[in-house]
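Read the structure below first, then the notes.
The values are calculated or read from the model by the stated rules, or taken from the named source; none is laboratory data. This structure is a prediction, so every number in the text was calculated from the model and none was measured. Cβ: placed from backbone, ideal geometry, glycine included. Neighbour counts: every protein chain shown. Just so you know, the surface numbers come from the protein's heavy atoms only, side chains and all, with ligands and any DNA or RNA stripped out. Shrake-Rupley method; radii C 1.70, N 1.55, O 1.52, S 1.80 Å.
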Amino acid sequence: MSVSVLTTVRRLTAATAVVGAALPAAAAGRHSGRSHGVVYISDVRHGATGRGARSDGALDQQWVAVTNESRRAVNLNGWTLSDAAGHTFTFRHYSLGARATVRVHIGVGHDTGSDLFQDRRSQVWDKSDTAKLRDDRGRLVDQVSWNRHRTTTRTGGHRH
């Protein structure tokens, strides 16, 4: 099942980034001297249930997509992606290209520029869960929650 981010949210996020760029670094909530652009959780495909839900194929189909809407690559080294239960994936030696998206899969696989694998053998993203993206200093960058009734909520954290 896919939980897509609404176009309106993307437009609001982009508009916020434009307004934030016009403000001084402290007023925009940015760390002075360091700007990552707009990085956010753009899509989630959470887990299947029942027989076969733990198979490698099923786990590979569970992912969280992280998008960089800026014109510059963003170094995600040390950034984390976690769920409500505390399962955490740490980005290692990875730079997300300008206007690019990467999918972080749960299962086992070979990392590419657009797909990273956590190499887990069990489900992480449940029917009701929260995905949190944090920067290398532990600050919340973005958060998306969903439940089994397909209700999705977004809580923007500290935007970079």
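Looking at (1) at pLDDT 95 or above; (2) surrounded by fewer than 19 Cβ atoms within 10 Å (Cβ to Cβ); (3) of a type outside the set (G, A, S); (4) in contact with a strand residue (DSSP E or B) (Cβ under 6 Å, 6 or more places away or on another chain), can you tell me which one D60 breaks?
Answer for D60: the failing condition is (1).
For segment 66-117, give me each residue that is more than 13 Å from the chain's Cα centre (by Cα) and of a type in the set (K, R).
R71, R72, R92, R99
Just to be sure I understand the filter: pairs with C-beta atoms under 7 Å, separated by 6 or more residues or on different chains, first member in segment 72-97 and at positive phi, second member of a type outside the set (D, E, K, R) and part of a strand (DSSP E or B). Which pairs pass?
G78/T90
So, in segment 63-92, of the ones that are open to solvent by 60 Å² or more (accessible area, probe 1.4 Å) and under 14 Å from Q118 (Cα atoms), which residue ends up modelled with the lowest pLDDT?
By that ranking, first place goes to H87.
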